[in-house]
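J.: Right, I'll just put the structure down here and ask away after.
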Amino acid sequence: MEHKFIPYQQKELTADEQLKASADFYEQMDQRRSVREFSDKPVDIRVIENIIKTASTAPSGAHKQPWTFCVVSSKELKAKIRAAAEEEEKVNYSGRMSERWLEDLEPFGTNWEKPFIDIAPYIIIVFKRAYELIDGEKRNNYYVGESVGIACGMLIAAIHNAGLCTLTHTPSPMNFLAKVLNRPDNERAFLLMPVGYPETNTQVPDIKRKELDEIMVVYK
Ligand code: IYR
């Protein structure tokens, strides 16, 4: 079988341009914070389309692109999702999570209440596609968790780049999302992300990122 290849073109930067571009991008990304209090200020759906297109540029196992991004703006659906998420989180916070886990979360001030699901203009629920059904036949996807994780990272970067914020919310177990959104059997909920503007005067925990020498090991 013939497989077509086409020339790859990427603009090469000078050494100086590269240093500046990488430093500028780091500065920009270092401003990103997870936000838990959202404003209901509307966001143009075309911005959401662009950030999802960006996420879908992620590499994936055998280029299967094993993801579906569900965008919820309906008040009724958001309320349904919030109620189901809070039901699970109540159980999590009152026993399903270990004492140590709850202690680790203390600095973030999280609890079972998830008002942001109602308030943010959009909720993106990312589903991973465990397999594909093509003409009634099951076809494999590969490295599904890795692929969808990478796409979510790119989604988060795109959201920040658009001057918006998000939160990686993982209500657990999250199978209620497939039910509420009527997803097919091959899809599993992966991450729930409110997208919008932060509420006025929102505060975020005063946390520090690890220094480079704690995260990078160079082998010469
Ligand atoms: N899923 C819960 C608990 C939670 C867990 C971790 I790890 C966090 O970093 C934050 C929260 C919740 O969303 O509240």
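The values are calculated or read from the model by the stated rules, or taken from the named source; none is laboratory data. This one's a predicted model, so the numbers in the text were calculated from it and none came from an experiment. Every residue, glycine among them, receives a Cβ derived from its backbone with ideal geometry; neighbour counts consider all protein chains shown. Just the protein is used for accessible areas: all its heavy atoms, side chains included, with ligands, DNA and RNA removed. Shrake-Rupley method; radii C 1.70, N 1.55, O 1.52, S 1.80 Å.
J.: Within the range 89-112, work out how many residues are in a loop (DSSP other than H, G, I, E, B) and of a type outside the set (Val, Ile, Thr).
T.: Selection size over the range 89-112: 5.
J.: Please go through the range 6-56 and pick out each residue that is out of contact with any Asp or Glu (no Cβ under 7 Å at 6 or more places or on another chain), part of a loop (DSSP other than H, G, I, E, B) and surrounded by 12 or more Cβ atoms within 10 Å (Cβ to Cβ).
T.: Correct list: 13, 32, 33, 34, 35, 36, 41, 43, 56.
J.: From 192, 155, grab the single residue that is in contact with a Pro (Cβ under 7 Å, 6 or more places away or on another chain) and among the hydrophobic types (A, V, I, L, M, F, W, C).
T.: Sole residue among the options that is in contact with a Pro (Cβ under 7 Å, 6 or more places away or on another chain) and among the hydrophobic types (A, V, I, L, M, F, W, C): 192.
J.: Another question, if that's okay. Any idea which residue in the range 111-131 is surrounded by the fewest Cβ atoms within 10 Å (Cβ to Cβ), counting only those that are within 11 Å of the ligand (Cβ to nearest atom) and over 18 Å from residue 173 (Cβ atoms)?
T.: Taking the candidates together, the pick is 111.
J.: Specify which of the listed residues (96, 82) is within 16 Å of the ligand (Cβ to nearest atom) and open to solvent by 90 Å² or more (accessible area, probe 1.4 Å).
T.: Values: 82 fails: open to solvent by 90 Å² or more (accessible area, probe 1.4 Å).
The match here is 96.
J.: Looking at the range 132-179, which of the residues that are touching a Gly at 6+ places or on another chain (Cβ under 8 Å) and in a helix (DSSP H, G or I) is least open to solvent (accessible area, probe 1.4 Å)?
T.: 147
J.: Another one. What is the number of the single condition among (1) closer than 13 Å to residue 167 by Cβ; (2) open to solvent by 60 Å² or more (accessible area, probe 1.4 Å); (3) away from the ligand (no atom under 13 Å from the Cβ) that residue 108 does not meet?
T.: For residue 108, the failing item is (3).
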